[in-house]
Structure formats: structure tokens, C-alpha cells
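Novice: Supplied in C-alpha cells, the structure appears directly below.
Nothing in this text is a laboratory measurement; each read-out follows from the coordinates by a stated rule. Treat the numbers as computed from the prediction; the structure is a model and nothing was measured. In this analysis, Cβ positions are derived from the backbone assuming ideal geometry, glycine residues included, and neighbour counts consider all displayed protein chains.
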Amino acid sequence: MQPTKVAVIGSGAVGTDLMMKVLHGTGALEMAALIGIDPASPGLAHAAGLGIPTSARGLAGLLAMPHFAEIALVFDATTAGAHRANVNAMAGHGKRIVHLTQSALGARVVPGVNLDAHVGAGNINVLTGSAQATVPLVAAIATVTPVLEASVAAVVAGAPTETITLERVTALTDTTAAALTTVGGALRGRASLSLDRSQPPPAARATLRAVVGELDGRGRAAVTAAVRAAASRVAEYSPGFRLADEIGIESPPAGTAEVTIGLELTGAGAHLPVHAGSLDLMTAAAVRIAERVAASSR
């Protein structure tokens, strides 16, 4: 069976990592183009060196490619604003889109949780690395007991001089918090993000806390088993994803229980550095989604 041809818009680190994951993936996808806007982009140079068609003319360059009609799916690794423009420009061309931007457009999808329900969507939103890491675990807990509140505290590596705007942090944490409820099934969701400027850069990590109803011994065992099974499913496409500690379950007063899960995310090193595990999980999830979409279209 012929692989599905895909293009990546965005030739930065994330787009280049997507390209490398497609090239070294299952063979279900074929890299047909890498698109950027900077002629001096290292990502475009890398792709050209591998014999992959490139353009530095943005989406216009993709639309003008002679084999554009053969491309079935487009990864968008640009920005929220650019994504909106890209969706409008590609309307009517019949391309499926999987995007890794902070745009709210598209079906919010986490593999293993709701991909089957949205495999036919024209535009799929990969959300954030924190959401991809924690939503499967929240959804797993929710199969055992209602999740009254889920909160995520994520920590990612940051260079000593790196800054991140409040607007960017808010966009990331709002997206994650919303995913905990709309995809994970929690009644309430909260999220935070901070930078760790340690050298050498540490792996990305996160702590998930889920407040649930009171659990007896059997319920505790069921929650633990469900979380471990969900984590194993994520690790199938992102091997650097792991539970960092034992799953903690405490029973404070008021008839509730709190489940605490520590996570560590190490990247595969396809292009992104191994400490960028949160971004790496996003690209791994995007490729897994695209492979499933391609299979459903055959």
C-alpha cells in the first residue's frame, strides 16, 4: 500500500522534528514538502539535503508545487495567527490538517483518548505537551471514578537568558486546563508552567494532581492499574514518557481522595534536543494522529 504524502509548514525546530519523525516512522507517511518563510532556514537546508522538496515562500510556495494535489495531509507548525490564515487558504483543497499551534481551531485530540471519535475531522488540534502528557491519565482515572478537579504543574528547560511572555504562558496553560475537562473528563481543570534554567538542561517534567471521590482498597488498585496502562499506551509512540514516581493516593478529610502522579518527558532526539520532551511528545502525538488519519482514509 502506498504511503500517504504529507507536507510540513514551518521549518523551525518543531517542523524539522516532525519531518525527521515522518522519515524514520512506520512508513505510513511520505515526506513530500517542507515549507518555511526564511530562505536561510537550517530546516529547509536540511530537507533539501535529503532530497525533500522545499519552499521559502510560505503557503503560497506549497500551493504552487507541481505535486501539491498528491499531498493528502498538512502538518502546521507555525503560529496561531498563521494557522488561521493557512486554514482559510487551504479551504477547498481537500487537505487534512494536523496543527501544533496555540490556535483554538480544530478538534482537540489526544491519541488513546478521543482520536477514534475525531479521525475524520478536517482540522485536528494537538493542544500542548502538558495536555498530551496528562490528559490520558486523567481520562484513565475517570474510567474508575469521577475526577472532581485535575491540576497540572509543568516545568520545562529554559536557557539562562530565555524569557517567555505572560501571553504565551497564559495561552499554553489555558489550553491545557481546558483539555483536562473537555478531553480528559475532569469537572475542573487548572494548569501552570515554569522554566528551569539549570545547566545542563533537565528533562521536562510535570506533576498531575487529581481530586476524586473517596476510594477503598479496590478503587485505589483500579486507579493505579488504569494510570499505568494509559502511560504505557503513550510510551508506545513517545518512548521517553514515563512515570517518575510511584502513584500516590491520599485520603484527606471530606470524603475525597487525591491522586498524585509525577511524570518525566525525555525527547527521542530526532531533531529537538532530548530535554525538550514536552515539544517532542507533541510531535510524536501529531505523527501518531496523522498515521491513524491516513489509515482511515485508505
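Novice: What percentages, rounded to whole numbers, describe P(r) for the chain computed over all alpha carbon pairs with 10 Å bin width beginning at zero?
Specialist: Reading the bins upward from 0: 6, 28, 34, 21, 8, 2, 0.
Novice: Something else now. What does the extension gain come out to for residue 229 and residue 45, with contour length at 0.36 nm per residue minus their alpha carbon separation?
Specialist: Full extension from residue 229 to residue 45 adds 62.2 nm.
Novice: Right, something else. Would you pull out the residues with amide H under 5 Å of residue 30's amide H, same chain only if 5 or more places away, H placed 1.01 Å from N?
Specialist: Amide H neighbours of residue 30: 4, 5, 6.
Novice: Further, regarding this structure: Label points 7 Å out from Cα along the Cβ direction at residue 244 and residue 56: separation in nm?
Specialist: Label at residue 244, label at residue 56, 4.0 nm between them.
Novice: What residue among 141, 261, 164 has the largest mean-square fluctuation in a Gaussian network model of the chain, using Cα springs under 10 Å?
Specialist: Residue with maximal mean-square fluctuation among 141, 261, 164: 164.
Novice: Something else: So how many Å³ per residue does the convex hull of the Cα atoms of region 183-293 work out to?
Specialist: 129 Å³
Novice: Write down the Å³ per residue value for the convex hull defined by the alpha carbon atoms of region 101-255.
Specialist: So the per-residue Cα hull volume is 126 Å³.
Novice: Here is a further query. Can you give me the distance in nm between label points at residue 64 and residue 168, each placed 7 Å from the Cα along the Cα-to-Cβ direction?
Specialist: Each label point lies 7 Å from its Cα, and together they span 3.1 nm.
Novice: Suppose we keep just the DSSP beta bridges with both residues in the chain; what percent of those would be antiparallel, to 5?
Specialist: Taking every DSSP beta bridge within the chain, about 45 percent pair in antiparallel fashion.
Novice: With axes computed from alpha carbons, what is the tilt in degrees of helix 80-90 against the longest principal axis of the chain, rounded to the nearest 10 within 0 to 90?
Specialist: The angle comes out at about 50 degrees.
Novice: For the chain, give the magnitude of the charge dipole about the Cα centre (Cβ charges: +1 Lys/Arg, -1 Asp/Glu; no others), in debye to the nearest 20.
Specialist: Result for the chain is approximately 520 debye, rounded to the nearest 20.
Novice: On to the next question. Taking a quarter of the surface of the convex hull around the Cα atoms of region 53-193, what do you get in nm²?
Specialist: 10.2 nm²
Novice: Measuring from the lowest to the highest alpha carbon on each principal axis, how far does region 138-182 reach, largest first, in angstroms?
Specialist: Principal-axis extents of the Cα atoms in region 138-182, largest first: 44, 18, 12 Å.
Novice: Amide H of residue 102 versus every other amide H placed in the peptide plane: which residues, excluding those fewer than 5 positions away on the same chain, fall under 5 Å?
Specialist: 80
Novice: Please list, by residue number, every one of the GluC sites (Glu not before Pro) in region 208-296 that is coil in DSSP and has at most 13 other beta-carbon atoms within 10 Å.
Specialist: 214, 246
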